[in-house]
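Comments concern the structure below.
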Amino acid sequence: MGKERYVLGKDRDDSGKERYASGNDHYTLGIDFGTLSARCILVHVDSGVETASAEERYEHGVIENELPDGTALPVGAVRQDPQDYLRAMRATVRSVLEQSQTPPDAIIGVGIDFTSCTLVPVFADGRPLSTAAEFRSKPDAWVHVWKDQTAQAEASEMTERARGQNETFLARVGNKVAADSFFPKVWQIARRSPDVFAAAAHFMEAGDWIVHRLTGGSPVRGLSAAAFKALWHKGYPVRFLSGVDVRLSRLVQRSMEPVSHAAPGTPAGNLIEAVACELGLRAGTTIAVANIDAHAAVPGAGVAQPGQMVAVVGTSMCHMLLGDMFAPVKGICGAVNHGILPGYIGYEAGQPAVGDALSWMVNNFLPARYQAEADRRGLSTFAYLESLAASLRPGESGLIALDWWNGNRSPLANGDLRGLLLGLSLQTRAEDLYRALMEGAAFGTLEIIRAFERDGVAVDDICAAGGVADRSPLMMQILADITGRRIRMAESPHASALGAAILAATAAGSDQGGYDRVVDAVQRMTRLSQQVFEPDAERHQIYQRIHEAYRRLSLHLGGGSGIPPCDDVMRLLKELRTPSIERDA
């Protein structure tokens, strides 16, 4: 298992003065469970200084194709081992405590964020089904990872029924039930593996499951995941679910309706003795309700007001906005009151494959000579490809990509869609593909921005966070040039974990040394970044022409009324190519 460490003893505030974290002051832990690893940071509550950080990769990583025992998985299924989460949490928490030598009594709260919808089937006592011998070879008993889009048939059936019945919840989920959301996944399990469905007392969001383990069985679940991923709005649509499949409504009545749902920054309970000993923390420490990982990045990036989109660019890309008023934006993932920060409507949209698509290209289609040259220069493969792709001008690759490598979350909400590379020739090189994939992701983001603005939700500028955002200046510049908006980088490289720590400080409250309002915690625990990417007017003009081709291809292949012809797209791509692209590879 690989492990990264990051230690910071001092920092500077906006005035340039150094700020130090005192060993006698209050701290919170933010634990960010991502797709491949968990990261924990220790944060000084008064200053926001990140005193220590540790990352631990999941032992089994992302499980595709087959389970560890060799059992074949359904095509497109994505699973994980829930025990990996516990091992990673234990390792990272103990690591930051060892690094910082912070006494457990100084830690007033723990915040959790997790990918969503990541589904854990569990027994009544909270034990995952996949840990029982009789279910180890049952694919549907394992964790269903957020990016599993295989329940599209169930999602489409639900959407069709909901539209026929004029269900009001559709307006809050972009007018479509998403394939990666809670009920399509659970319904798929009920249909495909009725024995697994019958054995599970609960199907829990992985973030809620972690909180359940920390508190010994908290009856409080995160409002964020319930509302954005499970159709919750002051309750679940039981009558609708009963018409879909009575097993779903019975599940809700048995295990979901009796549970209360709380907004981010709310306490879920207190750390129990057994887990406190395991982690090296104090029993009774406040545990905040779980939050969606991308949502936690909003306060972690220092955003606590409407108009600024937070784009978390990593394995996927998530786009969050805060609003004062509800607007039924078509094609987004959700619009929820108090869903991201208390007091605001939280909006979410997303693209399910960005870093994943770049990794796909590198892992499957990179000539050996590129790897050899990267090694010779002492660069990672990605850094070497970025340097080559950065030398290309807009249109020079001769390619356009539809970024649907794992379906489309927003604004088409169709997990069955697949990616497209158009304009390939005998002269196409690896760096051309790499840049086209980046541009396709940025065009997809522009489509999302336009969907928001069409329905009255302003997007003034963008704050970027996440692993790809931190490592790829080229991706950020392309995003600025294509969207025509300035991109401000989050100051912390751990925006989601910092957001979880901020929400933990709010859950602890001022009585324990924290905050009573999230906005106060954000103001004290974050600061503005000086790194900004400004759009280039000339490049933006060229990209507008290519985006028009992207939009027409998207409508033509993704569905839509008044579909425009696409027969001139290849001519446009050839026109935009420069002579340098015609040389031999």
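Only one of Val45, Val78, Val62 is at negative phi, modelled with pLDDT of 95 or more and open to solvent by 10 Å² or more (accessible area, probe 1.4 Å). Can you tell me which?
Answer to the check: Val62.
For residues that are in contact with a Phe, Trp or Tyr (Cβ under 7 Å, 6 or more places away or on another chain), under 17 Å from Arg552 (Cβ atoms) and of a type in the set (Gly, Ala, Ser), tally how many sit in region 412-433.
1
Only one of (1) in contact (Cβ under 8 Å) with a residue 24 or more places away in the chain; (2) within 19 Å of Ile340 (Cα to Cα) fails for Asp520. Which number is that?
(1)
Restricting to region 231-255, and then to whatever is within 20 Å of Phe123 (Cα to Cα) and touching a strand residue (DSSP E or B) at 6+ places or on another chain (Cβ under 8 Å), can you tell me which residue is modelled with the highest pLDDT? Show your work before the answer.
First, the residues of region 231-255 that are within 20 Å of Phe123 (Cα to Cα): 247-255.
If we keep only those that are touching a strand residue (DSSP E or B) at 6+ places or on another chain (Cβ under 8 Å) as well, we get 251, 255.
Details: Leu251: 98, Ser255: 94.
Per the criteria, the residue is Leu251.
Ala178: open to solvent by 10 Å² or more (accessible area, probe 1.4 Å), out of contact with any strand residue (DSSP E or B) (no Cβ under 8 Å at 6 or more places or on another chain) and not in a helix (DSSP H, G or I), yes or no?
Spelling it out, Ala178 is indeed open to solvent by 10 Å² or more (accessible area, probe 1.4 Å), out of contact with any strand residue (DSSP E or B) (no Cβ under 8 Å at 6 or more places or on another chain) and not in a helix (DSSP H, G or I).
A quick yes/no check of all residues on (1) assigned to a helix (DSSP H, G or I); (2) touching a Ser or Thr at 6+ places or on another chain (Cβ under 7 Å); (3) charged (D, E, K, R); (4) in contact (Cβ under 8 Å) with a residue 60 or more places away in the chain:
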residue	(1), (2), (3), (4)
Val120	no, no, no, yes
Glu134	yes, no, yes, no
Asp148	no, no, yes, yes
Arg161	yes, no, yes, yes
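Can you say whether Ala132 is surrounded by fewer than 24 Cβ atoms within 10 Å (Cβ to Cβ), among the aliphatic types (A, V, I, L, M), within 25 Å of Val43 (Cβ to Cβ) and over 23 Å from the mean Cα position of the chain (by Cα), as far as the supplied structure shows? I'd like the intermediate steps shown before the answer.
Numbers: surrounded by fewer than 24 Cβ atoms within 10 Å (Cβ to Cβ): yes; among the aliphatic types (A, V, I, L, M): yes; within 25 Å of Val43 (Cβ to Cβ): no; over 23 Å from the mean Cα position of the chain (by Cα): yes.
Judged against the criteria, Ala132 is not a match.
For region 430-442, check the following and say yes or no: at least one residue is over 19 Å from Ala390 (Cα atoms) and buried (at least 19 other Cβ atoms within 10 Å of the Cβ).
No; the residues of region 430-442 include none that is over 19 Å from Ala390 (Cα atoms) and buried (at least 19 other Cβ atoms within 10 Å of the Cβ).
Looking at region 301-320 only, could you name the residues that are under 13 Å from Ser496 (Cβ atoms), open to solvent by 10 Å² or more (accessible area, probe 1.4 Å) and in a strand (DSSP E or B)?
Those that are under 13 Å from Ser496 (Cβ atoms), open to solvent by 10 Å² or more (accessible area, probe 1.4 Å) and in a strand (DSSP E or B): Val312, Cys318.
Confirm whether Leu281 is in a loop (DSSP other than H, G, I, E, B), of a type outside the set (D, E, K, R) and closer than 20 Å to Arg221 by Cβ.
Answer is no for this residue.
Got at least one residue in region 484-498 being open to solvent by 10 Å² or more (accessible area, probe 1.4 Å), free of Cβ contacts under 8 Å to residues at least 24 places away in the same chain and out of contact with any helix residue (DSSP H, G or I) (no Cβ under 6 Å at 6 or more places or on another chain)?
There is no residue in region 484-498 that is open to solvent by 10 Å² or more (accessible area, probe 1.4 Å), free of Cβ contacts under 8 Å to residues at least 24 places away in the same chain and out of contact with any helix residue (DSSP H, G or I) (no Cβ under 6 Å at 6 or more places or on another chain).
Among the residues of region 174-205, which ones are polar (S, T, N, Q) and within 18 Å of Ala77 (Cα to Cα)?
Ser181, Gln188, Ser193
Which of the helices (runs of 4 or more DSSP H) contained wholly in region 440-532 include at least 1 residues that are among the hydrophobic types (A, V, I, L, M, F, W, C) and over 21 Å from the mean Cα position of the chain (by Cα)?
Counting at least 1 such residues, we get 473-483, 495-508, 518-525.
Kindly check whether there is at least one residue in region 138-148 that is under 19 Å from the mean Cα position of the chain (by Cα) and open to solvent by 10 Å² or more (accessible area, probe 1.4 Å).
For region 138-148, residues under 19 Å from the mean Cα position of the chain (by Cα) and open to solvent by 10 Å² or more (accessible area, probe 1.4 Å): present.
Give the residue, chosen from Asp84, Asp69, that is more than 22 Å from the chain's Cα centre (by Cα) and not β-branched (Val, Ile, Thr).
Testing whether each residue is more than 22 Å from the chain's Cα centre (by Cα) and not β-branched (Val, Ile, Thr) leaves just Asp69.
Could you grab me the full set of residues in region 376-415 that are part of a strand (DSSP E or B) and crowded, with 24+ Cβ neighbours inside 10 Å?
Ile400, Ala401, Gly407, Asn408 - these are the residues of region 376-415 that are part of a strand (DSSP E or B) and crowded, with 24+ Cβ neighbours inside 10 Å.
What's the number of the only condition in (1) buried (at least 22 other Cβ atoms within 10 Å of the Cβ); (2) free of Cβ contacts under 8 Å to residues at least 40 places away in the same chain that Glu373 fails to meet?
If we test Glu373 against (1) buried (at least 22 other Cβ atoms within 10 Å of the Cβ); (2) free of Cβ contacts under 8 Å to residues at least 40 places away in the same chain, just (1) comes out false.
Scan region 276-290 residue by residue and report those that are crowded, with 20+ Cβ neighbours inside 10 Å and farther than 17 Å from Pro103 by Cβ.
So the first thing to find is which residues in region 276-290 are crowded, with 20+ Cβ neighbours inside 10 Å, and the list is 279, 281, 285-290.
Scanning region 276-290 gives Ile287, Ala288, Val289, Ala290.
Looking only at region 90-103, count how many residues are open to solvent by 10 Å² or more (accessible area, probe 1.4 Å) and under 23 Å from Arg221 (Cα atoms).
Number satisfying all stated conditions: 1.
Name, by its number, the condition in (1) within 25 Å of the chain's Cα centre (by Cα); (2) modelled with pLDDT of 95 or more; (3) surrounded by fewer than 20 Cβ atoms within 10 Å (Cβ to Cβ) that does not hold for Gly164.
Gly164 satisfies all of (1) within 25 Å of the chain's Cα centre (by Cα); (2) modelled with pLDDT of 95 or more; (3) surrounded by fewer than 20 Cβ atoms within 10 Å (Cβ to Cβ) except (1).
Please work out which one of (1) at pLDDT below 95; (2) open to solvent by less than 20 Å² (accessible area, probe 1.4 Å); (3) more than 22 Å from Glu205 (Cβ to Cβ) is the condition Ala106 fails and give its number.
It fails just one condition, (1).
Only residues that are touching a residue at least 60 places away in the same chain (Cβ under 8 Å), open to solvent by 10 Å² or more (accessible area, probe 1.4 Å) and over 13 Å from Arg250 (Cα atoms): list them for region 193-204, please.
Correct list: Ala199 only.
Can you tell which of Asn291, Asn363 is of a type outside the set (Gly, Ala, Ser) and free of Cβ contacts under 8 Å to residues at least 12 places away in the same chain?
Result: Asn363 is the single residue among Asn291, Asn363 that is of a type outside the set (Gly, Ala, Ser) and free of Cβ contacts under 8 Å to residues at least 12 places away in the same chain.
I'd like to verify a number: residues in region 538-575 that are open to solvent by 80 Å² or more (accessible area, probe 1.4 Å), modelled with pLDDT of 95 or more and either over 20 Å from Asp403 (Cα atoms) or among the basic types (Lys, Arg) (or both), how many? I'd like the intermediate steps shown before the answer.
Our first condition is that a residue be open to solvent by 80 Å² or more (accessible area, probe 1.4 Å); within region 538-575, this holds for 538, 541, 544-545, 556-557, 561, 565, 567, 570-571, 574-575.
When the remaining residues are screened for being modelled with pLDDT of 95 or more, the result is 538, 541, 544-545.
Still in the running and either over 20 Å from Asp403 (Cα atoms) or among the basic types (Lys, Arg) (or both): 538, 541, 545.
Result for region 538-575: 3.
Quick check, is Asp84 open to solvent by less than 10 Å² (accessible area, probe 1.4 Å) and either in a helix (DSSP H, G or I) or modelled with pLDDT under 95 (or both)?
Yes, satisfied.
Within region 396-443, track down each residue that is touching a residue at least 40 places away in the same chain (Cβ under 8 Å) and charged (D, E, K, R).
Glu396, Asp403, Arg409, Asp416, Arg429, Glu431, Asp432, Arg435, Glu439
The values are calculated or read from the model by the stated rules, or taken from the named source; none is laboratory data. In this text the structure is predicted, and so the values were computed from the model without any measurement. All Cβ positions, glycine included, derive from the backbone under ideal geometry; neighbour counts span all protein chains shown. These area figures cover heavy atoms from the full protein model, side chains too; ligands, DNA and RNA do not enter into them. Shrake-Rupley method; radii C 1.70, N 1.55, O 1.52, S 1.80 Å.
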